[in-house]
Amino acid sequence: MLLAVQILMAMAIAALTAKALHAYALLFGAGTILLLRLLITANNFSLAWRYRSETPSQYRIRFWRACKLFFGEFKATMMASSWTMPFHTFFKRIADHPSTPPALLIHGYGCNSGYWHFMSKALRHANITHYAVDMEPLFCGIDEYVSTIHEAVERICKETGCDKIVIVAHSMGGLAARAYLRDHGSARIAELITLGTPHHGTGLARFGIGLNTSQMLWTVGEQEGLSSKWLRNLEASEDKSAYKLIVSIYSHHDNIVSPQISARLEGAENIEFQGIGHVALASHPEIQAQVIRHIRDISRITSTSSQGI
């Protein structure tokens with residue numbers, strides 16, 4: 001739908017300027033849409049700056065790295081919304097003779113399984129079987145996604161014959177996965193890897209639409225540092241021992257999760273990066289390598305434990 005809207009807007013601008021620009025009208029229309037998308041990305045970074053947490057000195061970046069961060073995130077958003085999500089959704093990718101547990105990929109707010117296109121290519125190259133789900137409806141409460149995740153987990157275990165799987169979740173998907181662990185326990189989960197998940201909320205959620213965005217809200221002002229009621233209830237109702245299964249990967253320059261330190265979850269393994277935007281996380285080679293390394297490590301640990309028994 002977003003792609004269709006962009007095309008229609010470009011054609012409308014081209015039609016309005018055809019008399020003056022002649023053959024260049026369509027190019028002008030497309031360029032106007034690109035500029036609009038560029039401004040949206042800039043606005044996200046501006047809002048993230050307003051709610052930001054202090055960046056540790058070792059993760060601060062200079063001007064040219066900041067430019068690379070901005071245009072990398074712009075490219076990632078354009079690729080996701082205009083190419084991978086419209087045309088590359090998928091249900092599963094079965095590896096030949098896999099030696100690791102299968103993975104379930106859970107996207108975040110406003111996306112679908114196509115978001116994982118580049119991560120999927122990396123996982124296929126690493127010979128890792130992986131599945132994906134589409135989280136619907138778009139604007140419902142996060143708890144409503146638990147049944148979708150539960151059904152997917154049980155189906156994957158049945159199809160692959162594995163007792164446990166790895167969940168890799170981006171953004172809001174990580175919160176939905178934590179809600180799954182709360183309701184169904186960790187018997188089926190070897191590890192939960194979250195990418196840019198607002199474990200304590202984000203100030204930018206106030207600009208979103210839907211119950212799920214209000215559930216991800218980080219309140220600033222008189223009650224600075226207060227997570228939403230849903231997030232507080234989630235934390236209060238969780239089995240904290242399950243946190244040892246969680247690996248939180250996040251960037252100190254996330255332009256959607258702000259304060260960025262909100263992605264840090266005490267009791268979990270936290271892995272910090274710099275110079276990577278929110279949408280770009282799953283397509284970044286360093287993040288992909290980290291995810292693959294963890295999935296392979298789980299396989300080695302499981303194998304060692306079995307030999308010990």
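Throughout, read-outs are computed from the coordinates displayed, never taken from laboratory work. Source: prediction; values computed, not measured. Quick reminder, even Gly has a Cβ in these numbers, built from the backbone with ideal geometry, and neighbours come from all protein chains shown.
In region 153-309, taking the dipole from charged Cβ atoms about the Cα centre, the farthest positive-side position among 204, 294, 258 is held by 294. For region 85-202, just say rounded, prolate or oblate: build the C-alpha gyration tensor, square-root its eigenvalues into a ≥ b ≥ c, call rounded for a/c under 1.5, and beyond that prolate if a/b exceeds b/c, oblate if not. It is oblate, given that a/c is not under 1.5 and a/b is not larger than b/c.
Rounded to the nearest 5, what is the percent of antiparallel bridges among the DSSP beta bridges in region 68-176?
Close to 20 percent.
For residue 278, the residues 5 or more places off, or on other chains, whose built amide H falls under 5 Å of its own are 255, 256. Sum -39500 (n - 2.57) across every DSSP H segment of at least 4 residues in the chain, then divide by the residue count to get the 222 nm mean residue ellipticity, nearest 500. Using -39500 (n - 2.57) per qualifying helix, the result is -15000 deg cm²/dmol. Pairs of Lys residues in the chain are counted when their Cα atoms are under 18 angstrom apart and they lie 8 or more places apart or on different chains; the count is 5. By definition, a body whose alpha carbon gyration tensor gives a ≥ b ≥ c is oblate when a/c is 1.5 or more and a/b is not larger than b/c, and region 1-141 fits this oblate description.
Beta-bridge orientation, the chain: approximately 15 percent antiparallel, per DSSP, counting only bridges with both partners inside. Helices assigned as whole DSSP H runs in the chain whose Cα atoms extend at least 15 Å along their own long axis and whose mean Kyte-Doolittle hydropathy is 1.6 or higher are found at 2-21. Region 26-68 and region 145-192 have their alpha-carbon centroids 33 Å apart.
Remark: spin-label model distance residue 90-residue 271 equals 2.0 nm, labels positioned 7 Å along the Cα→Cβ axis. Using C-alpha pairs below 8 Å separated by at least 6 residues, the relative contact order for region 137-210 is 36 percent. Computed over the chain, relative contact order equals 18 percent, with contacts defined as Cα pairs under 8 Å that lie 6+ residues apart. The relative contact order of region 64-214 comes to 23 percent, based on Cα pairs under 8 Å that sit 6 or more residues apart.
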